[in-house]
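S.K.: Would you mind keeping the following structure in view while I ask a few things?
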Amino acid sequence: QQQVKQSPQSLIVQKGGISIINCAYENTAFDYFPWYQQFPGKGPALLIAIRPDVSEKKEGRFTISFNKSAKQFSLHIMDSQPGDSATYFCAARDSNYQLIWGAGTKLIIKP
Amino acid sequence: DTGVSQDPRHKITKRGQNVTFRCDPISEHNRLYWYRQTLGQGPEFLTYFQNEAQLEKSRLLSDRFSAERPKGSFSTLEIQRTEQGDSAMYLCASSPLGVFGNEQFFGPGTRLTVL
């Protein structure tokens, strides 16, 4: 019940396309859902986050869609660029304020 | 640079040796977290501090691991009698105290290789 399942494991998208990464969870006590971006050799960096009382949040080219009833949330990257190539992690915060992480998606944007 | 810093960035050690890593969080961040990350996986929570108090430890944190945050500022993570399975990236993160957000700011990590 504490797991966050992330898919796909890897994704290749053409430059200018839309990248979509999905996550699903079971624990309805999760109350905060961030997405992190990680480049090789670096620590994860917060990209965008959402609370479950909101169905969508957009920041620039990045959008989180949140479906509370389905217990799913997704990251959409519009107009994907080669600089977006990285590993993306979804996470969910539990009642102890700890983040439960997905396994990550390696995104490659082909020029 | 006011971000989270970690030292050293890389550590190579022989099995059985002790190693210690340091994390300097963003100043005024009350919470400090340690994670371990292996290749192709998400970070695994190890432990976290609120100020100087260690509030939670993962069952992943064996007796060979110990963490301190003596004055509520920097933290150290020590691994005693290292094993090859300890090879990983050790990440530190800090966050301000608050109910919402809980944005965790990560350092660059310390990559440990145990030979």
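The values are calculated or read from the model by the stated rules, or taken from the named source; none is laboratory data. Since the structure is predicted, the reported quantities are computational estimates derived from the model, not experimental observations. Virtual Cβ from ideal backbone geometry, glycine too; neighbours counted across all protein chains shown. Heads up: the accessible areas ignore ligands, DNA and RNA and are worked out on the full protein's heavy atoms, side chains in. Shrake-Rupley method; radii C 1.70, N 1.55, O 1.52, S 1.80 Å.
S.K.: Criterion first (surrounded by 15 or more Cβ atoms within 10 Å (Cβ to Cβ), touching a Gly at 6+ places or on another chain (Cβ under 9 Å) and either more than 14 Å from chain B (Cβ to nearest Cβ) or charged (D, E, K, R) (or both)) does A:ILE109 satisfy it? Don't jump to the end; show me each part of the working.
M.R.: On the way: surrounded by 15 or more Cβ atoms within 10 Å (Cβ to Cβ): yes; touching a Gly at 6+ places or on another chain (Cβ under 9 Å): yes; either more than 14 Å from chain B (Cβ to nearest Cβ) or charged (D, E, K, R) (or both): yes.
Yes, satisfied.
Residues are listed down the side, and each one gets a yes or a no for (1) touching a helix residue (DSSP H, G or I) at 6+ places or on another chain (Cβ under 8 Å); (2) aromatic (Phe, Trp, Tyr); (3) within 30 Å of A:PRO8 (Cβ to Cβ); (4) open to solvent by 10 Å² or more (accessible area, probe 1.4 Å):
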residue	(1), (2), (3), (4)
B:CYS23	no, no, no, no
B:ARG31	no, no, no, yes
B:GLN54	no, no, no, yes
B:LEU61	no, no, no, yes
B:PRO70	no, no, no, yes
B:GLN104	no, no, yes, no
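S.K.: Which of the strands (runs of 3 or more DSSP E) contained wholly in chain A include at least 2 residues that are under 25 Å from B:LYS57 (Cα atoms) and within 14 Å of the chain's Cα centre (by Cα)? It would help to see each step written out before you state the result.
M.R.: Values: elements: A:4-7, A:10-14, A:19-25, A:33-38, A:45-50, A:56-59, A:62-67, A:72-77, A:86-93, A:99-101, A:105-110.
In chain A, A:4-7, A:33-38, A:45-50, A:86-93, A:99-101 are the strands (runs of 3 or more DSSP E) which contain 2 or more residues that are under 25 Å from B:LYS57 (Cα atoms) and within 14 Å of the chain's Cα centre (by Cα).
S.K.: Here's a follow-up. Does the stretch A:38-49 contain at least one residue that is within 30 Å of B:LEU32 (Cβ to Cβ), basic (Lys, Arg) and either within 11 Å of chain B (Cβ to nearest Cβ) or open to solvent by 70 Å² or more (accessible area, probe 1.4 Å) (or both)? Quick ask: steps written out before the conclusion?
M.R.: Applying the first criterion (within 30 Å of B:LEU32 (Cβ to Cβ)) to the stretch A:38-49 yields A:38-49.
Then keep just the ones that are basic (Lys, Arg); that gives A:42.
Keeping just the survivors that are either within 11 Å of chain B (Cβ to nearest Cβ) or open to solvent by 70 Å² or more (accessible area, probe 1.4 Å) (or both) gives A:42.
The answer is yes, given that some residue of the stretch A:38-49 is within 30 Å of B:LEU32 (Cβ to Cβ), basic (Lys, Arg) and either within 11 Å of chain B (Cβ to nearest Cβ) or open to solvent by 70 Å² or more (accessible area, probe 1.4 Å) (or both).
S.K.: Just checking, does the stretch A:92-104 include any residue being more than 9 Å from chain B (Cβ to nearest Cβ), open to solvent by 10 Å² or more (accessible area, probe 1.4 Å) and at pLDDT 95 or above? Walk me through it before giving the result.
M.R.: Here is the first cut: in the stretch A:92-104, the ones more than 9 Å from chain B (Cβ to nearest Cβ) are A:92, A:94-95.
Next cut, open to solvent by 10 Å² or more (accessible area, probe 1.4 Å) only: A:94-95.
This time we only want the ones that are at pLDDT 95 or above, so: none.
Checked against the condition, which is being more than 9 Å from chain B (Cβ to nearest Cβ), open to solvent by 10 Å² or more (accessible area, probe 1.4 Å) and at pLDDT 95 or above, the stretch A:92-104 yields no hits at all.
S.K.: Tell me the residue from A:PHE66, A:PHE73 that is farther than 30 Å from B:SER5 by Cβ, free of Cβ contacts under 8 Å to residues at least 40 places away in the same chain and either out of contact with any Phe, Trp or Tyr (no Cβ under 8 Å at 6 or more places or on another chain) or crowded, with 18+ Cβ neighbours inside 10 Å (or both), please.
M.R.: Details: A:PHE73 fails: free of Cβ contacts under 8 Å to residues at least 40 places away in the same chain.
Among A:PHE66, A:PHE73, only A:PHE66 is farther than 30 Å from B:SER5 by Cβ, free of Cβ contacts under 8 Å to residues at least 40 places away in the same chain and either out of contact with any Phe, Trp or Tyr (no Cβ under 8 Å at 6 or more places or on another chain) or crowded, with 18+ Cβ neighbours inside 10 Å (or both).
S.K.: Counting residues that are free of Cβ contacts under 8 Å to residues at least 24 places away in the same chain and within 14 Å of chain A (Cβ to nearest Cβ), which strands (runs of 3 or more DSSP E) fully inside the stretch B:1-85 reach at least 2?
M.R.: Values: elements: B:5-7, B:10-13, B:19-24, B:31-37, B:44-50, B:53-57, B:65-68, B:75-79.
Qualifying strands (runs of 3 or more DSSP E): B:44-50, B:53-57.
S.K.: Checking the structure you have, find out if any residue of the stretch B:88-96 is within 13 Å of chain A (Cβ to nearest Cβ) and surrounded by fewer than 16 Cβ atoms within 10 Å (Cβ to Cβ).
M.R.: Scanning the stretch B:88-96, I find at least one residue that is within 13 Å of chain A (Cβ to nearest Cβ) and surrounded by fewer than 16 Cβ atoms within 10 Å (Cβ to Cβ), so the answer is yes.
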